[in-house]
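Scroll down for the structure; my scribbles are underneath it.
The values are calculated or read from the model by the stated rules, or taken from the named source; none is laboratory data. Only a predicted model underlies this, so the values are computations on that prediction, with no experimental measurement involved. Counting neighbours? That spans all protein chains shown, and the Cβs are built from the backbone with ideal geometry, glycine included.
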Amino acid sequence: MIKNQSYKVEEPFIVRLKKDLKVNTSLYFIVLPVVLFYLVFRYFPMYGTLIAFKNYSPGLGIFGSPWVGFSHFIRFFTGNFFVRVVSNTFILSFYELLFGFPMPIILAILINEVRSRRYRKLVQTVTYMPFFISLVVVCGMIVQFSATDGIINDIIYLFGGRRVPLMQRASYFRPMFIISGIWQHSGWGSIIYLAALMAIDPSLYESAEIDGANRFQKIRYITIPSIVPTIVIMFILRMGRILNIGFEKIILLYNPSTYQVADVISSYVYRVGLTNFSWSYSTAVGLVNSVVNLMFLVAANKLSKKATDSSLW
Amino acid sequence: MSRKIKGSLGERIFDFSNISIMFIAVILTLYPMVYILFASISEGSQLMMHTGLLFWPVGEISFAAYNIVITSQLIMGSLANTLFVVIVGTAVSLGMTCLGAYFLSRKNVLLGGPIMFFIVFTMFFRGGLVPEFLLIRNLGFINSLWGLIIPFSINTFNMIILRTAFKAIPDSMEESAKLDGANHWTIMVRIMIPMIKSTIAVIVLYYAVEKWNAWFWASILIRDRSKLPMQVVLREILIESSSAGDLGGGGGADSDSELAVAQTVKYAAIIFATVPILFVYPYLQKYFVKGVMIGAIKG
């Protein structure tokens, strides 16, 4: 144990704090820039959310702008966009969960079954790679490939279909969004499951082999049960982010002809706030989103504590 | 005996199908990039008429598109801006992250717990887009590359990864260094950081990739076109589809051939912006993966 415990537990907090600040002065100096960073760039904007209850004007500042109570919130909840953006957020998130969540698990199990080490390494290297390609490039590729003279339409055409400007059609937005997400994230997402698979005791497989189990049976009765805890944790964490669709990919890909399915809460916040400059209203919508997110996360964490005994805090 | 043979046949069928499925996965992952590579070195006019998959560049192999990319003032200027943000930004981020991670890894510091909570809380609740934008604007970061560096200098997740690494160093190191009269700064910089070099490498890579790929804040903070980072310029070229004429390519050419150039130039720009990462990535893969593992263990 390091002997720099500078205080006795019985002493009042102020006394302990004074002694601790004296003994650990240099440590507190080390952390000072970090604390300042969080105060300025993370906590000050939390104070800034007050403008959700005001009519912010830059000249008057956050403090001086007039209060308007909940009127921005009421405007959002009763407005035309409320149903659209909330349901789009849930639908997109649900599809992402339904199709995107199982892919890394399947991939990890299959990679784990590859016997040749070199081949396994190759598969891992290639499937992790798209994770590092920038979002702008990924979306650029989507736009190029789905143009009427792009490769996807070429294939549709070769099979006798008609050329369609895919990104201009609302009905194709969700599939394109989800599939490209799977392409970019499945490999990287499989790492965590592979790590869990590595930890399985090999003797389990050996004794299963002696009992005459085939590969499918081994997967079903050994591999899958041993990664269930990891799957549960990942699932609960994912549930905690259900309303948290990032707007970056949305605003790179959407356009007025696909707003009806593509516009989610966060992209709405962006558009209203930073392109229409309705700062207070946009902050109110963003605040609703963050609070609901936090509630989901807390609930998911509670659930996780109950179900798996592991939690974020 | 017969069961053994049957079993091994089943095994072989299993292995064969698994290898095939994995092969398909590899092709599906890789092909979009391969297609872009082939298209970027194809002849523009022939590429326009080509329909379907590419298994080799069409027409004569030509690097004309790359020539347009590397002689374009807009792209090369934006590359310089990106390099500035990546190099200076990663250095600032690494420094700040080390400071925080070292502090949080020390035991018996009275305010250690509260400060940890103070920091981790921001992972779950943020002020939101507009308040953060207004703050950055009011601090005078509009149109400055520093606005892409300072407000984004700490990624809390990276700091927790680094904290885990600091924590794993035995307490005896700090004790003996203290007996030798070393202070915290010396212990951190001279003794501990060299001991966790591989985690530092992970953090540097994460920050560098994050900053290389970042585009959103630049797109709203930077007004001056000469200060735009590369991803924002790429967005214009690839998604908002400004014509390749802007790049200083065939200025007075007829619109048809200009369009043909445009397509190959777009593909060349994708390769140009992605190659640095794809080139170093296979060598650094194990470090990247290590970061996920440490992160998964949870700080």
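Quick notes on this structure:
- Residue in the stretch A:187-207 that is within 18 Å of residue A:250 (Cα to Cα) and in the same structural domain as residue A:259 (by TED's automatic domain parsing) present: no
- Residue B:127 vs. criteria modelled with pLDDT under 95 and either buried (at least 22 other Cβ atoms within 10 Å of the Cβ) or in a helix (DSSP H, G or I) (or both): yes
- Residue among A:38, A:56 that alone is crowded, with 18+ Cβ neighbours inside 10 Å, within 12 Å of another protein chain (Cβ to nearest Cβ), outside any helix (DSSP H, G or I) and of a type in the set (Phe, Trp, Tyr): A:56
- Of B:22, B:48, all but one fail to be surrounded by 11 or more Cβ atoms within 10 Å (Cβ to Cβ), of a type in the set (A, V, I, L, M) and farther than 15 Å from residue B:267 by Cβ; the exception is B:22.
- Of all residues making up the stretch B:73-123, the number that are under 18 Å from the mean Cα position of the chain (by Cα) and facing another protein chain (nearest Cβ under 9 Å): 1
- When the stretch A:162-196 is limited to residues that are more than 13 Å from every other protein chain (Cβ to nearest Cβ) and assigned to a loop (DSSP other than H, G, I, E, B), the one that is farthest from the chain's Cα centre (by Cα) turns out to be A:162.
- Within the stretch A:212-229, considering residues that are within 12 Å of chain B (Cβ to nearest Cβ) and surrounded by fewer than 15 Cβ atoms within 10 Å (Cβ to Cβ), the one nearest to residue B:12 (Cα to Cα): A:216
- Residue within the stretch A:67-87 that is on the phi > 0 side of the Ramachandran plot, touching a helix residue (DSSP H, G or I) at 6+ places or on another chain (Cβ under 9 Å) and not assigned by TED's automatic domain parsing to the domain that holds residue A:249 present: yes
- Residue, nearest to the other protein chains (Cβ to nearest Cβ), within the stretch B:130-143, restricted to residues that are in contact with a Leu (Cβ under 8 Å, 6 or more places away or on another chain) and buried (at least 16 other Cβ atoms within 10 Å of the Cβ): B:130
- Positions within the stretch B:188-231 being within 12 Å of chain A (Cβ to nearest Cβ), closer than 16 Å to residue B:285 by Cα and either among the aliphatic types (A, V, I, L, M) or not in a helix (DSSP H, G or I) (or both), in sequence order: B:205, B:208, B:209
- Residue match in the stretch B:107-119 (condition: closer than 26 Å to residue A:285 by Cα, in the same structural domain as residue B:95 (by TED's automatic domain parsing), touching a helix residue (DSSP H, G or I) at 6+ places or on another chain (Cβ under 9 Å) and surrounded by fewer than 20 Cβ atoms within 10 Å (Cβ to Cβ)): yes
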